Each structure stands twice: as structure tokens, then as C-alpha cells.
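The structure appears right after this line, and notes come after that.
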Amino acid sequence: MKYLVATILALGASSSAAAQDNDRDSTLATSITADEMRYVIESAGFAVDAELDDGIGVIGNDNEGLSFGIEGRACNDAGRCLGVIFFALFQDAGTTEYANNVNTRWSAIKATALDDGQLLLSRYLILDHGQTLANLRLNLATTRSIAAAVRSEIMGRNGSDGASPRAAIDWGDDSGNYANDGACDDARFQADGDQWDFQRKHVLRDATDCRARSAAGTITLILDFGDNSGIYANDGTCDDNRFTGEGRSILMTDSHVRRDSADCIAAYREGTINRP
């Protein structure tokens, strides 16, 4: 399965990430240009590698195979737009049932099943009363995090290795009590992993068995904890709101989805949180 954003014009080499400009970040924008959209993506640490060939907007990628975009709405002839939409588009993934499921779980995003079978994730902001570029960057981060979680689900559902390629999966080590027994005991690969304490304890601790079972095609990564890129990562509390339980923080924002892995893995192993 390919993950493409529609109607883009390739620019060639990706731009390097731009450093954040505190003065520019704090500027209140009541409209936005393509240059400012580019800044939002690059200052978030991502690359811009395409422009829309229809409309005003740019396409970025997170170097993990996920593409996403920013497109202006209600734009004038001078290229200034009064609204902005953050989006990601997935091919061959758009069923009405799944879109409704995404909308139920992630209120910060709108999922739409398109007539051609694609799934559109979008987040729309009106700039009439002003938004700082720093806040627009936060909206981009929220969109990207949810899109990454949705992509992981889609790829697991379709049995493809595109969302979490085997080469990209963090297998961990073989420190588990039941490692090297021929069975993958890591709860991330088990639909009923929450129900078994030994599987929770084996998250990232049964590398050889799980890698072999994945290569054989008998297991698929179901639960992806993501990375530690969240602003509250490594604070001892799981901030990923996909999880429930006493080990979850009070934060409700979707921007921490798949971005607090160390805290969430520790809580999951201890049984203080449960998966989505």
C-alpha cells in the first residue's frame, strides 16, 4: 500500500529543518502564506519536499514514511489565506465504518472516507482572530501524531509492513524469562496481551522470537508505543491518551499519541494502563 498526498508537485531534494525563530513564532497571524506553511513544517523538525500543484500549500514528511500537508483556504490573489487545513491522505483505506471509528477516538481530527476509497484526515483552523505560528506548529504535531497512529492501524489491518516495517520495529532484547522459546511473548504482537501479565512483562524483552515470528508472517505489530518525542516524555507518567488506567496522566491532548513510549511502556509492564 502506498501513502501519498494527492495533487503534489515534487520539488526534488528535501529541505533541511529550519531552526525555530522565537520572534516569528510569537507573531499573531490572521492569514498565512505558503512560505509560512513551509516554516511551520521545517521548524517542527520535518522536511518539506513538495508543493501543491492546485492551490496554496506544502507537503512534508517525518522521515518515517509518513507524508502530511498544510493547505490554505479562502486565499486571495496575493497568496494569503484566511484558513488552513492540516491533512494526511491514505490510499485504499477509506471505509465509512473506519472513518467513524477514528472520529470517535480522536476528537482533534476529522476522518473522511472519500468516494475513491481514500481516507482523509484533516484539522481545520480559521485565522480570523489570529493564531501564532507556534500554535500552528502544535496543530501540525497533533495531526502528524494521530496520522501516524492511524497509519499503524491501517497497516496492521491490511497485513502490510509499510507502517511499521520490520527493519524499523524496536525489537528490544532477550531479557525476558521466556525469551528464545520459539514463541513471541511480547504483548505488542498479541491481541489479548493486556490479559496476560507475562506478555506485558515481555514488551521489548523477547526480540529473537518475535523477529523470527514476524519474518515468518505469523504475527503483526498491533500495539505501537511510538517514540519519546513528546514535550512531557520521560516524566514518569504515560501521556498517550490512547491508554486508560491509573498510570495515565490527566492530559487529554492528542499531541502525545505515540510520543511518550518509555513512560507508557513502563506503566504497561506494571499493569497500570491498558491499551486502546
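The values are calculated or read from the model by the stated rules, or taken from the named source; none is laboratory data. The structure presented is a predicted model; accordingly, all values stated were derived computationally and were not measured. Here Cβ is always computed from backbone atoms with ideal geometry, including for glycine, and neighbour counts include all displayed protein chains.
Can you work out which of the residues in the range 64-80 that are under 20 Å from A44 (Cβ atoms) and assigned to a loop (DSSP other than H, G, I, E, B) is modelled with the highest pLDDT?
Residues of the range 64-80 under 20 Å from A44 (Cβ atoms): 64-72.
When the remaining residues are screened for being assigned to a loop (DSSP other than H, G, I, E, B), the result is 64-66.
Values: E64: 76, G65: 76, L66: 85.
Among those residues, the one meeting the criterion is L66.
Checking the structure you have, find out if any residue of the range 222-239 is over 28 Å from N139 (Cβ atoms) and in contact (Cβ under 8 Å) with a residue 40 or more places away in the chain.
So the first thing to find is which residues in the range 222-239 are over 28 Å from N139 (Cβ atoms), and the list is 222.
Now restrict to residues that are in contact (Cβ under 8 Å) with a residue 40 or more places away in the chain: 222.
Looking for residues that are over 28 Å from N139 (Cβ atoms) and in contact (Cβ under 8 Å) with a residue 40 or more places away in the chain, one finds at least one in the range 222-239, hence yes.
What about R144, is it touching a helix residue (DSSP H, G or I) at 6+ places or on another chain (Cβ under 6 Å), under 30 Å from A93 (Cα atoms), at pLDDT 90 or above and in the same structural domain as V40 (by TED's automatic domain parsing)? Judged against the criteria, R144 is not a match.
Within the range 199-215, identify whether any single residue is under 15 Å from S152 (Cβ atoms) and either not basic (K, R) or not assigned by TED's automatic domain parsing to the domain that holds T142 (or both), and answer yes or no. If you could, list the steps in order and put the result at the bottom.
Taking the range 199-215 first, the residues under 15 Å from S152 (Cβ atoms) are 214.
Now drop any that are not either not basic (K, R) or not assigned by TED's automatic domain parsing to the domain that holds T142 (or both), which leaves 214.
There is at least one residue in the range 199-215 that is under 15 Å from S152 (Cβ atoms) and either not basic (K, R) or not assigned by TED's automatic domain parsing to the domain that holds T142 (or both).
Looking across the range 222-249, just one residue is part of a loop (DSSP other than H, G, I, E, B), at pLDDT 90 or above and β-branched (V, I, T), and that is T237.
Which of the residues spanning the range 93-117 are part of a loop (DSSP other than H, G, I, E, B), surrounded by 14 or more Cβ atoms within 10 Å (Cβ to Cβ) and either in contact with a Phe, Trp or Tyr (Cβ under 6 Å, 6 or more places away or on another chain) or touching a residue at least 60 places away in the same chain (Cβ under 8 Å) (or both)? A93, W106, A108, I109 - these are the residues of the range 93-117 that are part of a loop (DSSP other than H, G, I, E, B), surrounded by 14 or more Cβ atoms within 10 Å (Cβ to Cβ) and either in contact with a Phe, Trp or Tyr (Cβ under 6 Å, 6 or more places away or on another chain) or touching a residue at least 60 places away in the same chain (Cβ under 8 Å) (or both).
Go through the range 101-127 and count every residue that is among the small types (G, A, S) and touching a helix residue (DSSP H, G or I) at 6+ places or on another chain (Cβ under 7 Å).
Keep residues of the range 101-127 that are among the small types (G, A, S), which gives 107-108, 111, 113, 117, 122.
Those left that are additionally touching a helix residue (DSSP H, G or I) at 6+ places or on another chain (Cβ under 7 Å): 108, 111, 113.
So the answer is 3.
Scan the range 180-221 for residues that are among the β-branched types (V, I, T), surrounded by 15 or more Cβ atoms within 10 Å (Cβ to Cβ) and assigned to a loop (DSSP other than H, G, I, E, B) and report the count.
Of the range 180-221, the ones among the β-branched types (V, I, T) are 203, 208, 218-220.
Among the residues that remain, those that are also surrounded by 15 or more Cβ atoms within 10 Å (Cβ to Cβ) are: 203, 208, 219-220.
Then keep just the ones that are assigned to a loop (DSSP other than H, G, I, E, B); that gives 203, 219-220.
Selection size over the range 180-221: 3.
Among the residues of the range 55-100, the one identified as touching a helix residue (DSSP H, G or I) at 6+ places or on another chain (Cβ under 8 Å), over 22 Å from L119 (Cβ atoms) and among the aliphatic types (A, V, I, L, M) is I56.
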